[in-house]
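Quick note: the coordinates plus some simple rules give every number you see, no bench work behind them. As the structure is a computational prediction, the values presented were derived from the model and not from experiment. Cβ: placed from backbone, ideal geometry, glycine included. Neighbour counts: every protein chain shown.
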């Protein structure tokens, strides 16, 4: 399997192509191209990867997210299971950043664990920055499998390649800033910071010093062993070496071919290879060689899309519309007691009914009429030769509706169903009902795992808003 790690900045694109093998990985290519000053567009990115032979159907794409748009927090949690940590992390961070959990995306790396829980390094980025970033790739017809924060990608490139056994500072220069990441003896990242793109070497040394002082409060006796340079970083500096009392040199990228220099400016092969440090680290994360931290979380998770054609699409579309109406009727209108919204919801159900069944002019009992129409549609579907005559989406919606906790007041606001994933969001009266609903979903035969993405009390309303995700087995 080939993995393409890509760092696209204003004025350049770099790619590290890695092949995952039975006993490790092999670096196949290091390639770059220069763009016009300040340029970073979809056309350039798409053309560059096509020249390298990237295949969206066969290859994995790992993208480097700009470090200047990422922040981090170090925190402790009593939890040890990664799934539980992932569910609660946005709300833990919400109290530490000037944003609500709905306004950012986050990921984490476990840097330590014990009887009292886990210690985490969490990275987060604003939703709008993530949307803009993915939009550049989408414009090129690309959809990254993993999105790695720049500072952590550069640290992963060093740790997975060089196998350092000392505390190190990784300094990776890009067009938007200089990433500084402190890594522990095992290569795990401990803290990071992004400076301005034009910072002088002496100021970089001061920033490394500041990060080390901060870490010393939690790690007495920590000592910097080396400074590794990558990207557009400055050359080895005696001033930094003397200030930090540690050697400074270009990151060592072993086992890699010489860079294919498309506009690459380097004084040596060693320096040229080091410029691919972040791209290589993103590829290593996707290969599982380095600890992965991807910002493709929550609503940014990559999902497969379902495609249908011809008569099957037409019949399935009608069935889906009919099922949607039935689900709204039985799941919302039938159980909701929030009177201020009932009339509006019922009107919406009636409109969906009319859209799905335009030939029905007299509406007497929506649910019974809908069931009769569904039976007719299933018979038609069998005649057309579409599967077994029944779209699995219908069974999914009916199962979801039946899983509602008994007596619960539940208003569903969103349902997204795609192969591999189901997302439900809405409101109910308590956290207990949310938990009951999650457990009921998890018992469905086609659900592999259900998890709570978020749950939050609505101020002064006696309600809880929630978002559930489920991994489905088809």
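General remarks:
- Whether region 152-262 is rounded, prolate or oblate, judged on the alpha carbon gyration tensor where a/c under 1.5 counts as rounded: oblate
- Extension gain for residue 116 to residue 416 (0.36 nm times residue separation, less C-alpha to C-alpha distance): 104.3 nm.
- Convex hull (Cα only) mean projected area of region 59-170, reported in nm² to one decimal: 8.7
- Potential lengthening between residue 406 and residue 51 on full extension [0.36 nm per residue; Cα-Cα distance subtracted]: 122.0 nm
- Relative to its residue count, region 403-474 spans a Cα convex hull of 70 Å³ per residue.
- With the highest mean first, a sort of the peptides 26-33, 111-118, 168-175 on other beta-carbon atoms found within 10 angstrom per residue produces 168-175, 26-33, 111-118.
- Förster-model FRET efficiency, 25 Å R0, residue 126 and residue 301, C-beta, rounded to 0.05: 0.90
- The label-point distance for residue 219 and residue 206, in a model that sets each label 7 Å from Cα toward Cβ, rounds to 2.4 nm.
- Shape of region 28-72, Cα gyration tensor, a/c cut at 1.5: oblate
- Protection-proxy order for peptides 44-52, 224-232, 135-143, each taking the mean of Cβ atoms within 10 Å per residue, highest first: 224-232, 44-52, 135-143
- Packing, taken as the mean count of other beta carbons within 10 Å per residue, orders the peptides 288-297, 14-23 from highest to lowest as 288-297, 14-23.
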